[in-house]
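Right, one structure below, let's go through it.
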Amino acid sequence: MPTFAEARAFLLDNRSDYAKAYSQFRWPDPVAFNWALDWFDGVLASDPKTRDQCALWIADAVTGRDAKSSFLELSRRSNETANLLRALGLRRGDRILMVLGNTEELWEVMLASIKLGTVLIPTTTLASSEELADRVKRGRARCIVTAADQSEKFAKLALDGVTKICIGGGSGIGWIDYADARKELPDFAPDGPTNPGDPMLLYFTSGTTAAPKLVLHTQRSYPVGALSTMYWLGLKPRDVHVNVSSPGWAKHAWSSFFAPWNAGATVLMVNQARFEAKVLLKELVRCEATTLCAPPTVWRLLAQEPLSDYPVRLREVCAAGEPLNPEMIERVQRAWGIIIRDGYGQTETTALVANSPGQPVKPGAMGRAMPGYKIRLLDADSQTAREGEVCVILDEGKPAGLMVGYETEAGLRAVEGEKYGTSDVAFGDEDGYLTFVGRTDDVFKSSDYRISPFELESVLIEHDSILESAIVPSPDPMRLALPKAFILLKSGVAPTRAVALSIFQHTNARLAPFKRIRKIEFVSELPKTISGKIQRVQLRRMEQQHPAEAPPSAVQFAESDFEELRKA
């Protein structure tokens with residue numbers, strides 16, 4: 001089996017040869033390996049060719065200032081941070097709750113935690129006091145690292161025995177100033193080897209259908225597993241990579257930490273007080289970004305701008321988080337001459353399925369299995385099917401990028417057996433491309449036909465007036481359920497009868513009769529998880545419990561309301 005460096009080099013050398021990369025790639029040996037010490041410090045921060053290269057570039061659109069750090073500078077500062085944590089009593093296996101925005105300290109703390117062998121619990125700055133309390137308790141946090149504007153959230157929490165570190169000093173008694181790290185030595189000596197199974201990251205999932213689960217990753221699973229993510233993103237050494245993702249979620253670790261630094265690329269973050277597509281586009285041009293990954297919501301906002309007016313130098317553009325509609329891909333290709341390549345994975349994994357560089361992109365498809373992952377679609381009887389649950393097959397061993405398991409009150413529920421099921425449904429074609437159908441709990445039946453919310457939402461998003469939408473089943477005595485669309489219109493578009501008619505005409509012309517959307521409700525916002533994913537389960541529950549009721553402000557239309565449609 002190859003070393004980490006050899007496996008990385010193989011994927012870089014075969015970045016456009018999917019057949020060879022998939023058939024010949026092997027995960028590195030599961031040996032003692034500390035990514036921050038052995039790769040980041042040992043190679044990137046030590047090699048004269050890379051040590052002075054910009055590793056982290058934060059472009060702050062609020063202040064207009066740039067903050068740049070080289071690999072060598074980050075290595076030394078993260079050593080100081082690791083030494084501070086050790087001086088405060090943190091030891092291998094202890095848990096650290098990190099609540100930071102896109103500031104340099106976030107990357108320093110992540111590197112320091114890996115070096116020390118502690119377990120990091122990344123958490124979004126949008127989390128409430130109640131959610132933070134849950135993370136402290138269930139995550140068994142022994143330390144908190146946050147910023148001054150977040151420290152008040154912890155004021156009323158029971159934090160006996162918890163070390164509190166704050167950037168800029170915290171509000172109240174007992175906070176340690178993160179600046180104390182600069183008084184520590186810039187060299188760090190580990191207390192022993194780092195084993196591949198040692199815990200490293202604990203993520204609270206976004207909880208689209210239930211309370212957040214606790215996903216445990218190791219010193220091997222995300223750093224080494226992110227080789228598949230590096231391959232999907234098409235990263236090269238010295239790229240300037242932008243990932244639009246909030247700290248605290250797995251995608252931030254995927255594409256703003258491990259994958260770009262696996263490749264030896266620069267991580268470029270564009271900070272904004274409130275997201276504006278124009279600002280991001282200007283920074284992409286100014287900073288000469290070469291690669292970009294963003295969620296569909298961001299791509300939809302970017303596509304409303306005159307993209308051809310921005311002479312970007314992007315070579316690779318990707319989308320992740322939820323499937324991207326073909327219409328968005330076409331708009332970007334017309335403007336920039338490059339194709340957005342969709343990718344798919346979970347907090348529990350690294351990139352599983354994606355459109356890799358240099359390969360044909362099929363409209364609507366999320367791609368093929370990534371190197372290192374054996375993927376099959378299985379039906380309810382665990383038989384291979386054209387449409388079924390996306391499963392990672394474990395008959396040849398666990399892929400490096402797969403989690404250890406879920407932490408529960410009863411202990412660790414490890415991934416075992418012959419497969420890991422993602423709970424996502426996809427359709428597979430003869431070329432191995434998978435097209436997302438929906439979550440297993442999102443797909444529903446109407447007159448005994450299976451309805452994929454995503455398929456209908458893909459048609460809706462092509463309408464000029466629609467910004468976002470969500471399809472859920474509306475109870476019907478004859479057909480069991482009818483597709484209903486909750487629609488968020490673009491700014492300046494009023495929820496009128498004429499707009500509703502236009503939407504029905506648009507979708508009816510593109511959908512088979514059994515798939516047609518029968519009801520529309522215009523909304524001022526769609527319920528989302530804290531990570532930005534639409535909570536169809538909340539809309540579905542509301543529709544099933546009170547299908548005929550709606551808030552006074554709601555504007556609803558049914559297909560049967562329009563004589564024009566009955567005549568068509």
Debye intensity ratio I(q)/I(0), log10, segment 123-204, q values 0.13 Å⁻¹ (C-alpha model): -0.51
Separation of the LEU157 and ARG541 label points, Cα + 7 Å toward Cβ, nm: 2.4 nm
Trypsin sites (Lys or Arg not before Pro) restricted to DSSP loop in segment 1-55 with at most 14 other C-beta within 10 Å: ARG26, LYS49
Accessible area per residue in Å² at 1.4 Å probe, computed on the chain: 42 Å²
Per-selection Rg to Rh, segment 222-272 - Cα, Kirkwood hydrodynamic radius: 0.94
Value in Å of the Kirkwood radius, where segment 317-464 supplies the Cα pairs that are averaged: 16.5 Å
Long-range tail of P(r) for segment 105-258 (Cα pairs > 27 Å, %): 28 percent
Volume in Å³ per residue [convex hull over Cα atoms, computed for segment 37-181]: 105 Å³
Separation of the LEU378 and ILE393 label points, Cα + 7 Å toward Cβ, nm: 1.1 nm
Value of Rg to Rh for segment 383-423 (Rh from inverse mean 1/r over Cα pairs, i.e. Kirkwood): 1.03
Shape call, segment 268-345: gyration tensor on alpha carbons, a/c limit 1.5: rounded
Total charge dipole magnitude, the chain, about the Cα centre, Cβ charges on Lys, Arg, Asp, Glu only, Debye to nearest 20: 200 debye
Sulfur and carbon atoms: percent of accessible area, segment 46-115 [1.4 Å]: 45 percent
As computed over the chain, the Cα convex hull volume per residue (Å³): 164 Å³
Label point distance in nm, ARG566-VAL285, each placed 7 Å from Cα along Cα→Cβ: 5.3 nm
For segment 348-411, convex hull of alpha carbons as volume per residue, Å³: 136 Å³
Surface/4 estimate of mean projected area, convex hull on alpha-carbon atoms of segment 396-490, nm²: 10.7 nm²
Stretch in the chain that is longest and holds no GluC sites (Glu not before Pro) that DSSP places in a loop and that have at most 12 other beta carbons within 10 Å: 1-287
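Kirkwood-based Rg over Rh for segment 295-335 (C-alpha set), two decimals? Could the numbers behind the result be given before it?
Working: Rg = 10.0 Å, Rh = 10.7 Å.
Expressed as Rg/Rh, it is 0.93.
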Overall Cα dimensions of segment 183-284 - principal axes, largest extent first, Å: 48, 41, 36
Segment 452-501 - percent relative contact order, Cα under 8 Å, separation 6 or more: 30 percent
HIS506 accessible area, 1.4 Å probe, all protein chains in place, Å² to nearest 10: 20 Å²
Note, ³J(HN,Hα) from phi for segment 145-162, Karplus 6.51, -1.76, 1.60, rounded to Hz, x at Gly and Pro: 10, 8, 10, 4, 6, 10, 5, 5, 4, 9, 4, 9, 8, 7, 10, 4, x, 9
Rounded to 10°, Cα long-axis angle of helix 497-508 versus longest principal axis of the chain: 80 degrees
Cut-off 18 Å (backbone N to label point 7 Å along Cα→Cβ of LEU185), residues of segment 77-102: 77-92
With eigenvalues of the C-alpha gyration tensor scaled by 5 and rooted, segment 24-100, Å: 25, 22, 14
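Select from segment 154-261 those trypsin sites (Lys or Arg not before Pro) which occupy a DSSP coil region and have at most 12 other Cβ atoms within 10 Å, ordered by residue number.
Numbers: sites: LYS156, LYS164, ARG182, LYS183, LYS213, ARG220, ARG238, LYS251; in loops: LYS156, LYS213, ARG220, ARG238.
Answer in residue order: LYS156.
I need the calculated FRET efficiency for the pair LEU307 and ALA498, taking r as the beta carbon distance and R₀ as 25 Å, to the nearest 0.05. Don't skip to the end; give the middle numbers.
Values: r = 29 Å, r/R0 = 1.16.
Efficiency computed from Cβ-Cβ geometry: 0.30.
The values are calculated or read from the model by the stated rules, or taken from the named source; none is laboratory data. Nothing here was measured: the structure is a model prediction, and the numbers come from that model. Glycine also receives a Cβ, built like all others from the backbone with ideal geometry; neighbour counts cover every protein chain displayed. Note: accessible area is taken over every heavy atom of the protein model, side chains too, but ligands, DNA and RNA are not part of it. Shrake-Rupley method; radii C 1.70, N 1.55, O 1.52, S 1.80 Å.
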